[in-house]
Structures are given as structure tokens and as C-alpha cells.
1. Would you please give the residues with an amide H less than 5 Å from that of W377, counting only those at least 5 places away or on a separate chain, with H modeled from the backbone geometry?
2. What is the set of long-range amide H partners of G554 at a cut-off below 5 Å, with H atoms built 1.01 Å from backbone N?
3. If the limit is 22 Å between Cα atoms, which of K314/K408; K719/K752; K409/K561; K595/K626; K417/K537; K409/K537 go over it?
4. Quick one: helix 343-357 against the long Cα principal axis of the chain, what's the angle to the nearest 10°, folded into 0 to 90?
5. With a 10 Å radius around each residue's Cβ, average the other Cβ atoms per peptide and rank 390-396, 6-12, 137-143, highest first.
6. Based on other C-beta atoms within 10 Å, arrange I281, I124, I346 from fewest to most.
7. Could you tally the net charge around I9, taking each other residue with its Cβ under 12 Å from the Cβ of I9, Lys/Arg +1 and Asp/Glu -1?
8. In which sequence would L573, L449, L609 go, from the one with the fewest C-beta neighbours within 10 Å to the one with the most?
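We did not get these values from a lab; they are worked out from the coordinates using the rules stated. No experiment lies behind these values; they were computed from the predicted model shown. Note: ideal-geometry Cβ built from the backbone for every residue, glycine included; neighbour counts use all protein chains shown.
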Amino acid sequence: MHEQSRLQIIADFALVKAQEDPSLCALLAALASLFDMPIALVSVIGEYEQFFKGRYGLAVDSTRKEDAFCQHVVQRQQPLVVEDASTDATFADNPLVTGEPGIRFYAGVPLVLQQITVGAVCLIDREPRTITAAQLAVLNNVSAHVSRYLELLRAHVHLQQEHSLMDNSPAVLMKWRQQRGMQLSYVSANIESLFGLPLQALRQKTAIFEDFIDNPGLNEFNFLFSNHHAGVSHGETHFQLKTPRQKNYWVKLITKAFFSDDGKLDAVHAMLIDHTANKYIEQKLTDTNQQMRLLLEASGLGTWDWHLPSDTNKVNQRWCEMIGVDYELFDSGSQFWRQLVHPADIGRIEQELAQHMAGDMAVFNTSYRMRHALGHWVWLETYGKIVERDSLGNPVRLAGTHRNITYKKEAELLETKQRQLLSFINKAQAVYLQGHDLSAACREILPELTDIADSQFAFIGQMQRSEGRQRLYIHAITEIAWNAQSDQLVALYQQRQLYFDNFDNLFGLVITSQQLVLSNDPAQHPAARGTPKGHPKIFRFMGLPIKLKGELVGMIGLANKFADYSSEDASFLQPLTDALAGLYYAVELEEARHKAEAQLKNLAMTDPLTGIPNRRAFIEHCAMLKNSPFGYVLAILDIDHFKQVNDRYGHAAGDEVIKQVSHILQQQLRADDYCARLGGEEFAILIEKTEIDTANLLLENLRLMVAENICQYEQQQIKVTVSIGARYVPAEEQEDLNKQMSEADQALYLAKDNGRNCLMWF
């Protein structure tokens with residue numbers, strides 16, 4: 001074990017002397033009580049001394065390193081048990097044995113962080129004693145929980161730092177949840193710095209966000225949420241905020257709704273963006289466009305004049321410049337114009353033109369794409385109307401203007417894609433939250449990713465350590481035309497076991513370089529190795545690294561965009577890579593936290609001897625029945641003359657009797673009944689949704705079953721009986737559990753006074 005690496009881990013986890021953890025101290029108090037030990041410690045062996053991250057029963061917070069028993073655990077990297085230190089050659093002269101705290105018994109197991117032993121979790125007694133293998137295993141489990149707790153604590157600090165970065169972004173994140181109406185459940189801290197709204201008042205619900213919206217904006221806001229209630233998943237609106245700064249802001253609210261399984265609105269996530277400058281520009285553009293239309297109609301700039309009977313169209317030079325056509329070579333026939341219109345737009349344009357000529361539309365106003373002479377597409381807005389009719393009222397001439405709106409359309413398309421990007425980022429998170437299946441979430445959004453990236457193929461991968469090395473695990477990949485030789489790969493993907501571990505290729509360059517890889521001519525790229533046989537040809541590729549805190553954690557691969565990939569494409573998709581990195585990290589933390597919480601809760605709520613719930617679990621279960629419309633029966637069962645069993649056969653035999661009674665309880669009670677060991681030889685039983693007669697029969701059968709069974713222990717036959725006290729609790733008396741248990745206990749004493757081995761009711 002490299003000592004410098006060990007000390008570095010201690011520093012990284014901030015396991016310094018002055019930072020004793022109250023939660024660990026509480027855990028150690030419970031551990032000491034469980035093992036009936038006076039002292040329990042979480043020890044960290046530093047460079048010069050031993051200090052305690054958690055302690056119970058010990059006044060000092062550190063010792064010399066050379067005196068520490070736990071130093072031996074670190075050196076050996078395995079558990080150490082000293083049954084009597086005063087007679088042990090290694091420890092007999094140790095100052096901690098000859099002086100305070102007077103150690104006689106010591107049991108310690110390694111405390112491991114990142115696969116390196118940094119200290120120990122130990123139990124200490126001032127009297128010699130022994131420890132069983134099962135108890136040592138429990139101590140090992142507690143050490144594992146402590147290690148995971150320290151890792152989660154460190155990760156939580158890092159997550160707080162990441163949240164701080166989010167709070168400094170230019171967009172406010174907001175979440176509403178359906179709780180007796182839509183309640184604001186989260187707002188990022190930057191709402192105060194960006195808009196001057198009171199953060200704490202909004203979080204504590206002493207201020208309402210809607211109170212800061214002006215009246216017209218409030219109508220827009222309510223209309224947006226009413227649409228979500230009606231089932232609309234995405235929304236956007238603009239309104240003004242009235243802030244305590246005496247300054248009004250125009251804001252854009254982009255929303256995504258989430259629904260429960262029955263289709264009802266459950267939550268709304270949103271981004272609030274300062275739109276003041278854009279709103280000012282939009283208003284100016286609107287005013288300018290209106291003026292320009294009038295000017296164009298008067299001046300003839302960008303005009304067209306179509307004579308229908310002769311099918312000739314007169315245009316000016318500006319119109320030709322928009323599509324890169326030489327004015328002298330312009331073809332005036334309508335067929336020339338039609339062949340330049342995008343095939344996806346021509347049908348709609350002709351329909352709108354026909355509606356105008358039929359009188360169904362007052363003006364002909366539309367936008368569409370036309371092919372520029374250089375090969376790219378430009379967006380045009382065409383405005384026109386019938387200016388001449390024949391004697392029968394049929395249109396003869398149409399005149400109007402053209403305007404190049406390419407930049408505006410591209411901005412709209414970009415904004416639409418940004419909303420789509422936000423949507424499927426939220427969708428990935430929602431799918432994971434619903435099923436806790438990260439691969440399913442990635443597969444759910446993969447088609448939308450390929451669509452928004454204008455690509456044919458894509459995959460999403462995560463770096464994982466597998467079979468002793470770093471490999472790229474494939475969460476999702478486009479179902480391309482797999483060939484017969486790749487059946488095994490198909491099977492692995494379907495079984496969620498598909499890994500890429502050969503990085504000597506184009507996509508592998510993303511991993512080895514940890515950088516963006518763009519290639520619009522893969523055949524000429526030095527890292528390209530071609531594609532597997534049967535795989536469609538890759539003629540463009542973009543690989544996006546997914547990084548977390550500067551470390552590569554995965555990648556996104558995209559192939560065969562219809563146009564060249566660019567660095568702008570990578571920048572556009574950066575929020576997705578950031579979200580996936582966060583999701584990878586959050587999933588890992590969530591899984592670890594749930595596992596640790598479940599293990600700790602199970603340890604705290606389970607009787608270690610019988611494996612059934614303990615007193616604490618029973619009380620919590622009963623508390624959940626408050627306000628139930630049904631009555632229930634509460635019974636307390638006590639093993640008769642149990643002290644005599646211990647005195648005659650020994651405590652181990654007594655434990656076997658307790659376990660047998662527990663086993664009979666679990667066998668005889670119904671599936672929805674609940675039993676627990678209150679302590680010693682006493683058990684509690686809760687029988688729900690039953691009448692007294694049924695409960696009486698069930699408890700009598702239980703009493704008889706105990707009396708008829710014989711406990712076999714070391715060739716000895718032990719028979720016991722039980723006394724039971726029961727109390728029927730109607731629905732209106734379920735508030736005071738202590739009173740109910742006291743009354744059931746009184747009935748138990750009546751059963752004992754009645755000669756035991758009987759059931760008595762309060």
C-alpha cells in the first residue's frame with residue numbers, strides 16, 4: 001500500500017481531525033448499544049497521529065499513531081481482534097492498555113475508501129471478551145456503510161458546487177408541481193440577481209411568482225398553464241415582470257409539462273430568460289417591416305408582376321439577387337419559378353395561391369425556400385395580391401414583393417430545435433425517474449437526437465470499468481442494418497451487454513483524445529479504419545465527449561448528417577452532453593444513496609435475532625393507520641415463564657424458543673397482518689380490517705399452535721405457552737397508540753393473573 005496515496009485520499013475526503021461527524025457519532029452510539037460495548041470509534045490513521053471521524057464513549061479526539069490499535073488494521077488491511085490486550089505480547093505494554101482508556105478487548109475492521117484502507121471501525125471494551133464471526137461480519141458491514149456514507153458526503157459537496165454554477169447561469173430554472181393546485185416547488189438562486197425577485201420568499205411561499213407578472217402577462221401565463229392541464233406538453237409565452245427594483249423586464253418562459261399515468265398534469269419544468277433586449281428589437285423590426293412594405297409597394301423594390309394569360313412574370317434586379325440569378329438571363333415563365341421552389345413547399349404555395357385567386361384569402365402572403373444559384377436554400381417571404389381582373393372577375397395580374405427572411409427563419413428553426421433539445425433532455429430525466437432505467441431513457445431520446453442533429457445514425461455511450469479495464473458501454477444505438485456476422489453484437493445489445501473496447505478508430509479518437517472529433521470526409525481521416533462489413537457507409541462523423549469535472553465519462557457519436565458537421569453543431573448539443581454527464585452522476589449517487597438508506601433502515605427496523613420487525617418498525621407501521629376508516633385489533637403476546645427456560649436450558653436455548661415463536665407468528669398470521677418483537681420475550685400483533693370474532697379465533701389458534709409445538713435444542717425438547725392480551729380499536733379511537741398498547745398490556749396482565757396460556761380482551 002502506497003502511504004502517499006493513502007494520505008492523499010484522506011486529504012481529498014477532508015477527513016481532518018477537527019471535523020467530527022455527528023451522524024457517525026449517532027451511528028456509533030447505536031453500534032455500541034447493539035454490541036453492549038462502552039466504546040465505538042471510526043478511526044483515521046494520519047501521517048503522525050490517529051484521529052476520530054466519529055466516536056462514542058471516549059473523551060479524547062486523537063492518539064499517537066504508534067499507540068493506535070487501528071494502525072495495525074491499516075498495515076494488515078484485514079480485521080484485528082484482541083480478546084485480552086493485557087496478555088497480548090504486542091499490546092501488553094501499550095499506553096492505551098496500561099493507562100486510559102484501559103483497553104482490554106479490541107475488534108477492528110478496515111475502513112476502505114477508493115480501495116485503500118485509511119483507518120478502521122472498531123469496538124473497545126475495558127474487560128476481556130470474545131466476538132463471533134457473525135458479529136465481526138456485522139462490523140464489516142457497518143464499515144462498508146461508513147465508507148459509502150463518506151463517499152456520498154464528498155459527492156454531495158461536489159453536487160452543491162455544481163448547483164452553485166447552475167445558479168450563476170443566465171437562465172432561471174423553475175419547477176411547478178401539482179399539489180392542490182400548481183405550486184412553485186423549485187426556483188434557482190439566480191432569480192434574485194437576474195430579476196431582483198425575492199428568492200427566499202418564493203421558496204418559502206411567502207411570495208407568489210404570479211404577483212410579479214403584469215395583468216396582460218398574467219393572462220398569457222394562465223393560458224399557458226391551462227394548455228398544459230389540457231394535455232399540451234410544451235409551451236412558451238412572453239410577459240412583463242414587475243420587480244422590486246422598480247424596473248420591468250420582458251421575459252420568455254419556455255415550459256415542458258409532465259403527466260401522471262392517468263394523463264393528469266403532474267409537474268411543469270421551465271426556463272425563464274431575460275427577453276427585454278429582444279423584445280425591443282422585435283418591436284422595432286415589426287414597425288420597420290410595416291414601413292418597408294409601404295415603401296416597397298411605392299418604390300417597386302423587390303417586386304414581381306405576374307401576367308396570368310401570357311404567363312410572364314416581370315421582376316426587378318433585387319429579386320434576382322436574392323436567388324443569385326443574372327437579371328439579363330432571367331426566365332419570366334412561372335415554370336422557372338416553380339422549379340426553384342423546395343419540393344416540400346410547392347404544394348402548400350400553390351394551394352395558398354389558389355385560395356387567394358378564388359377570393360378565400362384577401363392577400364397572398366407566404367414564406368418558402370428557393371434554391372440559390374450556388375446550391376444552398378434561401379427563405380423568401382412573398383407578399384402579393386390581385387391587381388387586375390377581367391370583365392368576368394377572373395384574375396389577370398398579380399403583383400407583390402419578395403423579402404429574404406433566411407436569417408429570421410434560421411433563427412426560428414434554431415429556437416425550435418433549442419426547445420426540442422430542452423424537451424428531450426427533460427424527457428430523458430423523466431423516463432429515468434419513472435423507471436430508474438438509464439439505458440431506457442437514452443434509447444427513448446435517441447430517435448429525437450438523430451432528428452435534431454439531422455443525422456442518420458447515433459449512439460450514446462458511458463465509460464465503465466468492466467472486466468478490469470475501461471470500456472464504452474452502449475446505452476443506445478441506432479438500429480442499423482446489422483449483417484449476419486454481427487448477430488452476437490445484436491444479442492449483446494438487446495441484453496444490455498454491448499461494449500466497445502477497441503479505440504483504435506475514428507470514434508475511439510474521441511475517447512483517447514477526450515476532444516471533439518469532426519470529420520466530413522472519414523475516408524481521408526488518419527484515425528479512420530472503415531466500417532464493419534455490412535454496415536452502411538459513414539460519410540460524415542461527429543463525436544462529442546461527455547465530461548464531468550474535466551474527466552471523460554462517455555460520448556455521443558453521430559453520423560451521416562445531410563450537410564457538413566460543424567463546431568456550431570457541437571456547441572448546440574453541449575447542453576445535452578452536460579445533461580447526460582449530470583444524469584450519469586446523479587444516477588450513480590441516487591443508486592448509492594438508496595442502497596445505503598435501505599440497508600441502514602433495514603438494520604434499524606429489524607430485530608436481529610428473529611428477523612421480524614422491531615418495536616420501532618411496529619410503532620411506525622401503526623402510525624400509518626391513523627385516520628383509517630377500518631378498525632383493527634392490537635395484541636401483545638408474552639412467552640410464559642420464559643426466565644425459567646433461560647435458567648434451565650441457557651440463553652441460547654431461550655433464543656431458539658423466541659425464534660420458534662416468531663416463526664409460528666409468521667406462519668399463522670394472514671398476509672396483511674403485522675407482527676413485531678417488542679423486546680425480550682414480548683411480541684406485538686396488529687390485525688387489520690377484521691371483526692373481533694375473527695381476530696379472537698386467529699389469536700386462539702396462534703396460542704394453541706405455540707402450545708402444541710416443541711422446540712428442539714441440543715437434543716432437548718422445550719415446550720412453552722403464551723399469554724395474549726388484546727384490544728379492539730375502532731376507527732374513531734386510532735389517535736393514541738400509547739393508550740392502545742397500554743390497554744392491550746393490561747389485558748395481558750389479566751391473562752397472566754388468569755393462570756397464563758390464555759387470551760384476554762381489554
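1. Excluding prolines and chain starts, which carry no amide H, the hits are H372.
2. HN-HN under 5 Å from G554: M463, I546.
3. Numbers: K314/K408 27 Å; K719/K752 17 Å; K409/K561 20 Å; K595/K626 29 Å; K417/K537 27 Å; K409/K537 32 Å.
Where the Cα-Cα span goes over 22 Å, the pairs concerned are K314/K408; K595/K626; K417/K537; K409/K537.
4. 60
5. Values: 390-396: 10.1, 6-12: 15.4, 137-143: 17.9.
Ranked from most to least packed, the peptides come out as 137-143, 6-12, 390-396.
6. I281, I346, I124
7. Working: positive: R6, R154; negative: E3, D12, E151.
Net local charge, I9 excluded: -1.
8. On the way: L573 19, L449 23, L609 13.
The most exposed by this proxy come first: L609, L573, L449.
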